[in-house]
Amino acid sequence: MFQLNDKTAVITGGGSGIGKAVALLFARAGARVIVADFNKEAGLQTVGEIEAAGGKASGIFLDVSRQEEVTAAFEQVAAIDILVNSAGISHIGKADTTDEADFDRVYSVNVKGVYNALHAAIPRMKAQGGGVIINMASIASSVGLPDRFAYSMSKGAVLAMTLSVAKDYIGDGIRCNCVSPARVHTPFVDGFIARTYPGKEKEMFEKLSKTQPIGRMAKPEEIAALILYLCSDEAAFITGCDYPIDGGFIKLNN
Ligand SMILES: NC(=O)c1ccc[n+]([C@@H]2O[C@H](COP(=O)([O-])OP(=O)(O)OC[C@H]3O[C@@H](n4cnc5c(N)ncnc54)[C@H](O)[C@@H]3O)[C@@H](O)[C@H]2O)c1
């Protein structure tokens, strides 16, 4: 079950965290993996780990917020059967404490970056007769989180783009879903804790772990497993859905 033999999967943000876990798992499931990241060193590291394990992978290096770069990089890929949009950045702030430059930066990576990848990949999928798209949304897409104004704006847009794409291309054999994790233990979270709470890293890690009723953060591999299922033929009936994977955050935090 859940094999991706003969499929080519482009994974933005495949150099780190959830995107990297997806890249490693997809390669084990038989996919040819294209790691798309602007951190060349990290992207090549993922490619190297896949090849060392006997899998097939290559890298394309691009800033997802720049349409020309995304289009040119995706043109280098022979076929795109699966697109996983995992590249993303975080931001802390409320509406009155978020400055314009930060708002624009979060928008350009988390919203426009997803649009750019969709814009480049969908014509290819249509021409091939279908494809599967997974976007990384978040619990912030549908729940009010404290101090996450710009980030929530961006993840709400990811959820809306997911529904729009699922509707528009259902007749082209393209399935599009999103995944909404609560906190996942990745460099994204470690970096945020180190920047925001210097000297209190351990205490804050414990505190943030407990915001999930299950008492811990997710592992990137747990998110990757859900994404593998959603991209497999076993999930052929699933489109236009948002999948929380949140240790009980949305429904049990009361
Ligand atoms: N970690 C969490 O708790 C969590 C929870 C919910 C949703 N998410 C979402 O999951 C996705 C992945 O998060 P992660 O925790 O794995 O992050 P991460 O920081 O570990 O990895 C993100 C990757 O994206 C790449 N990237 C960033 N900006 C880019 C750009 N402009 N162009 C190309 N590549 C770029 C980075 O180089 C990095 O390799 C993000 O969209 C994030 O919002 C994360």
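Each value in this text was obtained by applying a stated rule to the coordinates, not by laboratory testing. Here the structure is a predicted model, which means the values were calculated and not measured. In this analysis, Cβ positions are derived from the backbone assuming ideal geometry, glycine residues included, and neighbour counts consider all displayed protein chains.
Data overview
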quantity: Those residues of segment 1-43 which are more than 6 Å from the ligand (Cβ to nearest atom) and assigned to a helix (DSSP H, G or I), in sequence order; calculated: Lys20, Ala21, Val22, Ala23, Leu24, Leu25, Phe26, Ala27, Arg28, Lys40, Glu41, Gly43
quantity: Subset of segment 44-55 that is within 16 Å of the ligand (Cβ to nearest atom) and in contact with a strand residue (DSSP E or B) (Cβ under 7 Å, 6 or more places away or on another chain) - its residue that is nearest to Lys219 (Cα to Cα); calculated: Thr46
quantity: Extreme residue, nearest to Glu221 (Cα to Cα), among residues of segment 61-86 that are small (Gly, Ala, Ser) and within 13 Å of the ligand (Cβ to nearest atom); calculated: Ser86
quantity: Segment 157-184 residues that are at positive phi, paired with ones that are surrounded by fewer than 20 Cβ atoms within 10 Å (Cβ to Cβ) (beta carbon under 7 Å, 6 or more apart); calculated: Gly173/Gly129; Gly173/Gly130
quantity: Residue within segment 144-151 that is closer than 29 Å to Ala57 by Cα, within 14 Å of the ligand (Cβ to nearest atom) and of a type in the set (Phe, Trp, Tyr) present; calculated: no
quantity: Ser58 vs. criteria at negative phi and away from the ligand (no atom under 15 Å from the Cβ); calculated: yes
quantity: Members of segment 196-254 that are in contact (Cβ under 8 Å) with a residue 60 or more places away in the chain and on the phi > 0 side of the Ramachandran plot; calculated: Gly240, Gly247
quantity: Test: residue in segment 155-168 that is among the hydroxyl-bearing types (Ser, Thr, Tyr) and part of a helix (DSSP H, G or I); calculated: yes
quantity: Selected residue (criterion: nearest to the ligand (Cβ to nearest atom)) from residues of segment 91-118 that are buried (at least 19 other Cβ atoms within 10 Å of the Cβ) and of a type in the set (S, T, N, Q); calculated: Asn110
